[in-house]
Amino acid sequence: MITELKEEAKKILAGYDTEEIPDERYAHLKYPKLAPLMYFDIERFRIKDFGHLMIMHTTSKVGMELLTMSFMPDGVTLPFLLLDAMTMKKKRCVYAEYYGCGQEGLSDERLFEVYEKYKGLEDYDEKPAWYVKERRPYSLIKGGEEEELLSMALDSIRAYLDSIKDAEYDPEYREKLKAFRERMIVEGNPASKTMEMLFKKEGARTFVEEAVMPISE
């Protein structure tokens, strides 16, 4: 599911005006360095009239595979989208997490439509965390069959990117996004431990600010 999702997502992305961002610092990572158990392949893109996308493909020697896609609007009135897909043994799940960061009037009608289509899928249990309460109501946290989860993930990406044309730039929203990013760094996020493991604390902050959730100054 992971490889297919990555390939199909990039096909969708090809329909938009994008530019790949070369960055050798983060392109290929492994942990630990001497006898790696986990490998990370990272690609970054600028999307015209939107902002930034990071795609991180994680594989491990224990059979876990994860795809993380971070869609960061650069002040454009779309919610921040963090899409995660994970497989491990028989476990399958997809998170489509939308964060509005306190902004009103987001261009999110299509995202509600995708939610209505897939809300009946099996909910995936997750641990309590501060950011769960910050999610927009059309977020989808689902487990179940690969085919349904793949369809949900791709429909979410299509609807999100298609919403760019309806979004507007709002400098006040940029500041709200920055404040939310700071919370993700200070209060923690699902990948905090992994990032600190790779980069140590200050390096993890730089990685979030420059690769995961970049905002132009």
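Checked against (1) within 28 Å of K11 (Cα to Cα); (2) out of contact with any helix residue (DSSP H, G or I) (no Cβ under 7 Å at 6 or more places or on another chain); (3) in contact (Cβ under 8 Å) with a residue 40 or more places away in the chain; (4) buried (at least 16 other Cβ atoms within 10 Å of the Cβ), E145 meets all criteria but (4).
Scanning region 103-118 for residues that are in a loop (DSSP other than H, G, I, E, B), surrounded by 12 or more Cβ atoms within 10 Å (Cβ to Cβ) and out of contact with any Asp or Glu (no Cβ under 8 Å at 6 or more places or on another chain) returns L106, D108. Looking across region 51-102 at every residue that is of a type in the set (D, E) and under 21 Å from L149 (Cα atoms), the one that is surrounded by the fewest Cβ atoms within 10 Å (Cβ to Cβ) is identified as E65.
Check region 68-82 and report whether any residue there is farther than 30 Å from E175 by Cβ and either modelled with pLDDT of 95 or more or more than 17 Å from the chain's Cα centre (by Cα) (or both). No, there is no match, as no residue in region 68-82 is farther than 30 Å from E175 by Cβ and either modelled with pLDDT of 95 or more or more than 17 Å from the chain's Cα centre (by Cα) (or both).
Assess whether T68 counts as being of a type outside the set (A, V, I, L, M), assigned to a strand (DSSP E or B) and over 27 Å from I164 (Cα atoms). Spelling it out, it is not the case that T68 is of a type outside the set (A, V, I, L, M), assigned to a strand (DSSP E or B) and over 27 Å from I164 (Cα atoms).
Quick grid of which residues meet (1) among the hydroxyl-bearing types (S, T, Y); (2) in contact with a strand residue (DSSP E or B) (Cβ under 7 Å, 6 or more places away or on another chain); (3) within 20 Å of K6 (Cβ to Cβ); (4) at pLDDT 95 or above:
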residue: C101; (1), (2), (3), (4): no, yes, no, yes
residue: K142; (1), (2), (3), (4): no, yes, yes, yes
residue: D170; (1), (2), (3), (4): no, no, no, yes
residue: R174; (1), (2), (3), (4): no, no, no, yes
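For region 36-59, residues that are within 17 Å of the chain's Cα centre (by Cα) and not in a strand (DSSP E or B) total 1.
Give the residue that is nearest to L83 (Cα to Cα), with candidates limited to residues of region 195-217 that are among the β-branched types (V, I, T) and surrounded by fewer than 18 Cβ atoms within 10 Å (Cβ to Cβ). If we take residues in region 195-217 being among the β-branched types (V, I, T) and surrounded by fewer than 18 Cβ atoms within 10 Å (Cβ to Cβ), then I215 is nearest to L83 (Cα to Cα). Restricting to region 122-174, name every residue that is more than 23 Å from M213 (Cβ to Cβ) and small (G, A, S). G143, G144, S151, listed by residue number.
Scanning region 195-217 for residues that are touching a residue at least 24 places away in the same chain (Cβ under 8 Å) and among the polar types (S, T, N, Q) gives a single hit, S216. Of all residues in region 1-35, those that are assigned to a loop (DSSP other than H, G, I, E, B) and either over 28 Å from K90 (Cβ atoms) or free of Cβ contacts under 8 Å to residues at least 12 places away in the same chain (or both) total 15.
The values are calculated or read from the model by the stated rules, or taken from the named source; none is laboratory data. Note that the coordinates shown come from a computational prediction; the quantities given were computed from them, not determined experimentally. For neighbour counting, all protein chains shown are included, and Cβ atoms are generated from backbone atoms with ideal geometry for every residue, glycine included.
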